[in-house]
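The block underneath contains the structure these notes are about, expressed in structure tokens.
The values are calculated or read from the model by the stated rules, or taken from the named source; none is laboratory data. The shown structure was predicted, so the numbers you read here are calculated from the model rather than taken from an experiment. Positions of Cβ are generated from backbone atoms using ideal geometry, with glycine treated the same way; all protein chains shown enter the neighbour counts. Heads up: the accessible areas ignore ligands, DNA and RNA and are worked out on the full protein's heavy atoms, side chains in. Shrake-Rupley method; radii C 1.70, N 1.55, O 1.52, S 1.80 Å.
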Amino acid sequence: MEKISAVERLANQFTNHESQEARFTKRYKEVVKKSKDPLVTFLLQLIITDEEKHHAFIHAMNSTLTGDLRWTRQQDALMGFNELGAEKDALLSLTEEFLELEKKGIKEYKELIKASKEYHHGVFALLLSSMIHDSEKHAEILAFIVEKLKEA
């Protein structure tokens, strides 16, 4: 039996997860097509959008690993931070500005949750909470970009 490397094992896990994501997304879409409730449809569509993003993330990571394994550069591979040139300083400044805007948005969403948690059976609070999670994710991504731009 041939032993595979950790990178190959991870690429295989990404491939398997990508297939699972596609099946789950298909099932969500089937439920949405059958649902007559606009709120259920809306909420499930939010999940479908996230699942489609997750599929794209896994695909990009898998393409990156596949390129590494084959010593090729896949078109959708996650490469970067080494070809910035003159745009680096402007990009760093803009990214820091976006990071502050995301942090401010999180504070505003928290206030909106307090003001709206009694409305529509808590749906507004649920959606605002989801937006907070997204903004926290955005802030994490922006902080990563700032760090890498400073290192570049």
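For n ≥ 4 DSSP H runs only, could you compute -39500 (n - 2.57) per run for the chain, divide by its residues and tell me the 222 nm figure to the nearest 500? Counting only the DSSP helices, I get -28500 deg cm²/dmol. Evaluated with a Cβ-only charge set (Lys, Arg +1; Asp, Glu -1), the chain carries a dipole of roughly 680 debye about its Cα centre, given to the nearest 20. Compute the Cα gyration tensor for segment 18-152, then decide on rounded, prolate or oblate, letting a ≥ b ≥ c be the square roots of its eigenvalues: rounded whenever a/c is under 1.5, prolate when a/b is larger than b/c in the other cases, and oblate in all that remain. Oblate shape, in that a/c is at least 1.5 and b/c is the bigger or equal ratio.
From the alpha carbon centroid of segment 11-58 to that of segment 101-143 is 22 Å.
For the chain, the solvent-accessible area with a 1.4 angstrom probe is 75 square angstrom per residue. In plain terms, the chain is cut at each of the chymotrypsin sites (Phe, Trp or Tyr not before Pro) found in a DSSP loop with at most 15 other Cβ atoms within 10 Å, and the longest leftover piece is 82-152. Applied to segment 144-152, the Karplus parametrisation 6.51 cos²θ - 1.76 cosθ + 1.60 on θ = phi - 60° returns per-residue 3J(HN,Hα) values of 4, 4, 4, 4, 5, 5, 5, 6, 6 Hz, with x for Gly and Pro. Sequence neighbours fewer than 8 away in the same chain don't count; with that in mind, list the lysines whose C-alpha is under 27 Å from Lys148. Answer for Lys148, where 27 Å is the Cα cut-off: Lys53, Lys88, Lys103, Lys104, Lys107, Lys137, listed by chain and number. Surface composition of the chain: carbon plus sulfur atoms contribute 59% of the solvent-accessible area (1.4 Å probe, protein chains only, all chains present).
Each residue of segment 27-44 was assigned a 3J(HN,Hα) from its phi angle through the Karplus curve 6.51 cos²θ - 1.76 cosθ + 1.60 (θ = phi - 60°); the sequence is 5, 4, 4, 5, 5, 4, 4, 8, 6, 9, 8, x, 6, 4, 4, 4, 5, 5 Hz, with glycine and proline shown as x. Split the chain at each of the GluC sites (Glu not before Pro) in a DSSP loop with at most 16 other beta carbon atoms within 10 Å, and the longest piece is 3-82. Among the trypsin sites (Lys or Arg not before Pro) in segment 4-46, those located in a DSSP loop and surrounded by at most 13 other Cβ atoms within 10 Å of their own Cβ are Lys36. Between Ala6 and Phe144, the simple label model (points 7 Å from Cα in the Cβ direction) yields a spacing of 1.9 nm. Taking label positions 7 Å along the Cα-Cβ direction at both Ala22 and Val40, the computed distance is 2.8 nm, reported to one decimal.
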